[in-house]
Amino acid sequence: MNRIVMLALFLLVAAAAGTYSFFCIRRLLKFYFPRMGRLRHWLSGLCAALLLLSCVNLWSLKAVVTLHILAFFFVFDLLAFFVRRLRRRFGDTARPAYRRLRILYRSGALALLCAALLLGYGLYNMKQVIRTEYEIFTQKPIGNYRIVLITDTHYDTIQDTALLKEKAEEISGLCPDAVILGGDIADEGTAKEAMQEVFRVLGGIKSTYGTWYVYGNHDLQPYSREKQYTAEEFEAAARAGGVRILCDSAAELGGELILAGRDDAAWGGNSGRAAAEEILSGADRGKYIIMADHQPAGLEENAAAGVDLMLSGHTHAGQIWPAGTLLELLGNYNYGLYKHGDSRLIVSSGFTGWGYPLRTQAHCEYVLITIRGTGAGNSAEAGM
């Protein structure tokens, strides 16, 4: 049923985009080639059809660029509607300004310029990785700990080796207690050698208790017909890089922390993974419990099992505006810090994007989390 609804929505959007692009192209042809005549209609239809066919794969760069351009044409159509109404109100006094604006509007120059500026920003933004910091207080009698979360590197597809190594050295300089790799370290476009390299680099980050990893939905290339490596080769590369895998399992760190990792939820949450309660069955709930889970799913379940802090990625904070905003409006965990009872969830926007080298929403990041307990002379603030 869901697939039928999705197909219906896709066809509806495609029909609307195709029709709108036809009128936009016809208007441009009329502006630049006013004497074209009836050929303009046929050519507009042909161009709109070709444009629509090029966007069949909505995840392609071509589709993203095209949809951005159409979106700006639509925005300026709305503005033109209001400008026309204002012109009637002000009469002849607004005629010279209106004429100049009308030329810019009908030429498509404003829409194309705005789309180019936004897409240019998206290209630049994808190559800037910042550090985002959170401070979490707990009433549990533990000391202070610094945890680094790196998720969604999608290595070998968008960002280069130099940037990864630079940030790995930067993170080592922070002297973290543990580094958590939150999944999608690789994806369908990652070659075997690159997959091995990303684990060497991230596994080489210096920390007290080492680097830990949980699976993402792309890591084992489930959406690829020709996989570049096997699951066994992936696990071997992680181990060779000094990275320890948490798959529906938990480990104790330093006597005060428990770090657990859940298998990826997969689409629709039907992966058959273990329940949070099962994973933590032998854990001391008096210790501070961190649950790493690639997708921000199951916060309520984790909280009920005694998890203090859940760490996730996957969403990319939307990556392309307004995807993240829509996710938030629909009640999904998209980006940032969330609370459920005494449990906290941090969703990272990821080290990079996915699919195309554009990020027009949010930023690329790694996350530094400082956990402050009541032990070792610390004072905790409840509810933080």
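Each value in this text was obtained by applying a stated rule to the coordinates, not by laboratory testing. Source: prediction; values computed, not measured. Every residue, glycine among them, receives a Cβ derived from its backbone with ideal geometry; neighbour counts consider all protein chains shown.
What the table shows:
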quantity: Positive-end extreme of charge dipole, the range 129-372 - chosen from 275, 183, 338 (charges on Cβ); calculated: 338
quantity: Neighbour net charge for residue 148 - beta-carbon separation under 12 angstrom, K R +1, D E -1; calculated: 0
quantity: Calculated FRET value between residue 239 and residue 326, using beta carbons and R₀ = 35 Å, to 0.05; calculated: 0.30
quantity: Of the DSSP H helices in the chain, those whose Cα atoms cover at least 20 Å axially and whose Kyte score averages -1.0 or more; calculated: 2-32, 39-54, 61-90, 109-126
quantity: Charge-dipole axis of the chain as Lys and Arg at +1 and Asp and Glu at -1 on Cβ define it, positive-most pick from 222, 121, 132; calculated: 121
quantity: Which label in (1) 1.01; (2) 1.28; (3) 1.20 gives the computed Cα Rg over 2.2 N^0.38 Å; calculated: (3)
quantity: Förster radius 41 Å - calculated FRET efficiency between residue 300 and residue 16, Cβ distance, rounded to 0.05; calculated: 0.65
quantity: The range 2-124: relative contact order in percent, alpha carbon pairs under 8 Å with at least 6 residues between; calculated: 25
quantity: For the range 344-357, 3J(HN,Hα) per residue [Karplus equation, 6.51 cos²θ - 1.76 cosθ + 1.60, θ = phi - 60°, Hz, x = Gly/Pro]; calculated: 10, 10, 10, 10, 8, 7, x, 6, 8, x, 9, x, 8, x
quantity: 5 angstrom amide H check on residue 217, placed H, neighbours 5+ away; calculated: 184
quantity: Violating pairs (Cα-Cα greater than 24 angstrom) within the set 287/339; 167/287; 62/165; 165/227; 140/339; 62/127; calculated: 167/287; 62/165; 165/227
quantity: Within the chain: Cβ-based charge dipole about Cα centre, in debye rounded to nearest 20 (Lys, Arg +1; Asp, Glu -1); calculated: 3640
quantity: The range 129-372 - share of DSSP beta bridges that are antiparallel (%, nearest 5); calculated: 35
quantity: 5 angstrom amide H check on residue 249, placed H, neighbours 5+ away; calculated: 261
quantity: Calculated [θ] (222 nm, deg cm²/dmol) that DSSP helices of n ≥ 4 give over the chain, each run adding -39,500 (n - 2.57); calculated: -13500 deg cm²/dmol
quantity: Kirkwood Rh in Å, taken over the range 2-124 so that all alpha-carbon pairs contribute; calculated: 16.2
quantity: Unit charges at the beta carbon, dipole of the chain: most positive-side option, 286, 46, 362; calculated: 46
quantity: The range 2-66: chymotrypsin sites (Phe, Trp or Tyr not before Pro) in DSSP loop, at most 13 other beta carbons within 10 Å; calculated: 59
quantity: Karplus 3J(HN,Hα) series, Hz, for the range 148-160 with 6.51 cos²θ - 1.76 cosθ + 1.60 (x for Gly, Pro); calculated: 10, 10, 10, 9, 6, 6, 6, 4, 6, 10, 10, 8, 9
